[in-house]
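The values are calculated or read from the model by the stated rules, or taken from the named source; none is laboratory data. Quantities reported herein were computed from a predicted structural model and do not represent experimental measurements. No Cβ is skipped: glycine too gets one built from the backbone with ideal geometry, and neighbour counts run over all protein chains shown. Heads up: the accessible areas ignore ligands, DNA and RNA and are worked out on the full protein's heavy atoms, side chains in. Shrake-Rupley method; radii C 1.70, N 1.55, O 1.52, S 1.80 Å.
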Amino acid sequence: MDNRKLIHVVDDSQDNRDGLTCLLREMGYNVEGYANCDEALERLKAMPPHLYIIDVKMPGMSGLEMLQKLDTKNNIYEAIILTAYESLEDAKKAMDLGAVSYLGKPIVKEQLQEQVAKALGLVALKIDRLNYLTKLEIDINGRKKEVEETLKILENRDVMMDNIFNSLGEGVLVIDNEDSIIYMNAQAQDVTGLSFSECAGNNIAYALKDESLLRILFGFLEKEYGQLMQLGNVYVKTNESNENEYYAISVSDYTNTDNKIIGKVLNFKNETGKMHFERLRNSLLTIISHELRTPLNIIMNYVSLLKVTLNKTTDISEVLEDMHIIGNRLKYQINNVMSIAHLSDTSMVPTNEETDIIELIETQIKKLKIEAEERSVKTVIRNKLKNAKVITDTKILGIALASLLSNAIKFNKLKGLVEITIDNINVDGDTRLCIAISDQGIGIEPDQQKTLFESFVQVEDHMTRQYEGIGIGLFLVKRTMDILNGEVTVSSSKGGGSTFTLKIPDQRSYMHDELEE
Amino acid sequence: MSQTKVLIIDDEKLLVKSTCMALKCYNFQVEGALDGGDGVNKAKDYMPDIILLDIMMPGMDGWETLQLIKNTQEIKEIPVIVFSAKEYSDGRSIAQENGAVDFIPKPFELDELVELLNKYVSN
């Protein structure tokens with residue numbers, strides 16, 4: 001390969017061109033000669049030289065015009081201008097257009113040698129600089145790729161961490177030492193109702209809208225924390241279906257690799273299932289402790305009394321009557337406990353049998369005869385169907401009817417009426433059996449109607465005697481309807497009595513023809 | 001010796017009735033009240049030697065009734081025994097902290113109750 005520097009000599013004078021070429025070749029350069037600018041520019045496309053030596057005055061395109069086209073500032077090559085008359089004006093223009101120097105004619109060999117060497121020195125610098133820049137560019141591109149890959153890994157790791165935190169099944173919210181939110185997983189966003197993208201970096205106290213949650217969290221942050229909180233500090237959230245969700249909140253330190261505390265991790269654990277179970281357990285304990293012990297106490301009192309007074313003056317028939325009543329009540333509560341146990345069995349599959357509704361209701365009413373007589377309550381069945389039969393689980397439906405009828409009698413006014421209406425109702429194109437049980441009692445406040453079927457809050461503590469198991473009964477009714485795929489609704493007004501309605505799907509899609517009025 | 005006067009306050013009608021009947025056989029003079037307010041009024045009229053008070057009652061519960069008794073000049077010295085069907089780990093301490101003399105869990109044996117009544121009345 002030819003390592004010599006390439007010089008293009010552009011001059012319209014053959015003599016000058018040859019002379020210059022000759023001189024330069026002697027100096028060891030590779031030289032090409034061109035008679036005009038167009039030829040030289042054409043050659044540039046194929047093989048750019050290191051240096052141009054261009055005559056200013058030429059026919060056609062002048063040397064200065066060519067200089068303009070060459071744009072030496074932005075190219076590797078340099079250019080030297082030849083002026084015949086050492087015109088300073090041309091020389092100045094040439095330098096402005098990017099020539100590295102100019103030579104006057106006739107050419108002095110030493111001057112030529114010096115100027116060419118100087119120009120090629122500049123070219124060498126340019127090449128060095130270009131090489132350096134190219135290398136730098138390659139380097140930068142390499143680094144850029146590395147950084148991009150690292151970012152991608154980090155991003156993947158971020159997604160992975162997100163996925164892991166989301167798979168935890170618990171809400172995770174991280175704040176720094178200034179209480180600014182630095183991370184939230186999907187569940188934490190659900191629980192707090194915050195969107196991480198919107199509240200990242202915000203102070204948690206300003207971001208949180210829910211006051212009760214804020215109180216719990218700030219209770220934690222100020223006090224000792226780390227323990228799973230007691231029942232009282234559980235956050236209760238009402239979801240879209242108006243059901244309560246319970247979240248136990250715990251807080252732990254967020255530490256860096258040096259074990260320095262740099263924030264706090266708040267953990268939200270959904271304890272709704274556990275809370276329902278707790279309530280069920282508490283309610284069972286309440287029934288057992290109160291509803292069973294008190295009647296037993298009465299029986300024991302009478303037994304003691306009978307022991308002391310047998311053959312004395314006490315009216316034994318009155319004592320026996322009371323014992324009968326209280327025995328019945330005890331039986332009712334034991335049945336409730338057994339029903340809860342029965343209906344809480346999640347593996348239970350309801351049976352399907354033809355159930356005569358009238359017969360079932362009459363059986364239940366018969367069982368409540370003593371209670372009805374005690375309050376002089378009458379019951380009446382209004383059947384609007386020709387064939388009041390349904391395919392369902394008789395025993396489970398019996399539990400629901402027993403509870404509703406018992407409540408309707410117990411909470412009716414003295415000498416009141418319990419009306420049971422049997423009809424059909426169309427729900428989304430399906431015919432359902434509809435049993436409405438109305439009483440003439442004091443009615444239920446709208447506030448209470450909402451929570452009526454929700455476990456048995458009502459039986460707790462001093463409320464117990466006022467309602468005497470109403471909550472247990474309604475919880476059972478709700479549960480029976482869940483199992484039978486039915487529905488229970490209540491309509492009531494203060495002082496205007498209550499109507500509880502059961503809507504039961506017929507497993508065989510029985511068509512109950514309505515009676516002609 | 002005159003009969004010991006007992007007032008039973010419990011919202012469960014049959015419990016009041018049966019306890020009254022049984023205590024009468026043990027030679028007590030007994031009155032009953034079905035809620036806290038009625039109990040305090042009866043106590044002022046009847047001036048019993050001892051009061052038996054149920055905890056779980058609708059409206060004013062046993063603890064509130066106890067407070068009212070202790071804040072009512074004429075009857076504040078009358079010893080009160082509380083009873084309850086609710087499970088307490090140490091009913092006696094809780095009862096005494098609240099101003100009662102003792103606690104008896106339901107269901108109680110009549111003999112136990114009589115023994116307890118005699119203990120505080122003879123004092």
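Assorted remarks:
- Unmet requirement for A:Thr379, which otherwise passes all of (1) modelled with pLDDT of 90 or more; (2) surrounded by fewer than 19 Cβ atoms within 10 Å (Cβ to Cβ); (3) outside any helix (DSSP H, G or I): (2)
- Taken over segment B:20-34, residues that are closer than 13 Å to B:Asp54 by Cα and open to solvent by 70 Å² or more (accessible area, probe 1.4 Å) amount to 1.
- A:Ile175 being over 17 Å from the mean Cα position of the chain (by Cα), open to solvent by less than 50 Å² (accessible area, probe 1.4 Å) and modelled with pLDDT of 85 or more: yes
- Here B:Asp90, B:Asp45, B:Asp54 are screened, and the one residue that is open to solvent by less than 70 Å² (accessible area, probe 1.4 Å) and of a type in the set (Asp, Glu) is B:Asp54.
- Condition check for A:Asn301: within 11 Å of chain B (Cβ to nearest Cβ), closer than 30 Å to B:Asp111 by Cα, open to solvent by less than 30 Å² (accessible area, probe 1.4 Å) and free of Cβ contacts under 8 Å to residues at least 60 places away in the same chain: yes
- A:Val418 falls short on exactly one of the conditions (1) farther than 15 Å from A:Gly497 by Cβ; (2) assigned to a strand (DSSP E or B), and that condition is (1).
- Any chance A:Lys331 is away from chain B (no Cβ under 12 Å), of a type in the set (Lys, Arg), assigned to a helix (DSSP H, G or I) and farther than 16 Å from B:Leu15 by Cβ: yes
- Residue within segment B:93-103 that is modelled with pLDDT under 95, within 12 Å of chain A (Cβ to nearest Cβ) and open to solvent by less than 10 Å² (accessible area, probe 1.4 Å) present: no
- Pairs linking a residue in segment B:104-119 that is more than 9 Å from chain A (Cβ to nearest Cβ) and touching a residue at least 12 places away in the same chain (Cβ under 8 Å) to a residue that is assigned to a helix (DSSP H, G or I) and buried (at least 20 other Cβ atoms within 10 Å of the Cβ), with Cβ atoms under 7 Å and 6 or more positions apart or on different chains, are B:Ile104/B:Leu113.
- Residue in segment B:64-83 that is farther than 21 Å from B:Thr4 by Cα and in contact (Cβ under 8 Å) with a residue 40 or more places away in the chain present: yes
- Pair list, Cβ under 7 Å, 6 or more apart: segment B:20-41 residue more than 12 Å from B:Ile8 (Cβ to Cβ) and within 12 Å of another protein chain (Cβ to nearest Cβ), other residue part of a helix (DSSP H, G or I) and modelled with pLDDT of 90 or more: B:Tyr26/B:Val114; B:Gly36/B:Glu64; B:Gly36/B:Thr65; B:Gly36/B:Leu68
- Of all the numbered requirements in (1) more than 14 Å from chain A (Cβ to nearest Cβ); (2) open to solvent by 60 Å² or more (accessible area, probe 1.4 Å), B:Val80 misses one, and that requirement is (2).
- Condition check for A:Ser283: among the small types (Gly, Ala, Ser), loosely packed, with under 14 Cβ neighbours inside 10 Å, more than 11 Å from chain B (Cβ to nearest Cβ) and more than 30 Å from the chain's Cα centre (by Cα): no
- All positions within segment A:339-359 that are more than 18 Å from A:Asn485 (Cβ to Cβ) and modelled with pLDDT of 75 or more: A:Ser339, A:Ile340, A:Asp356, A:Ile358, A:Glu359
- Across segment A:177-191, a minimum of one residue is classified as out of contact with any Phe, Trp or Tyr (no Cβ under 7 Å at 6 or more places or on another chain), under 18 Å from A:Glu240 (Cβ atoms) and not aliphatic (A, V, I, L, M).
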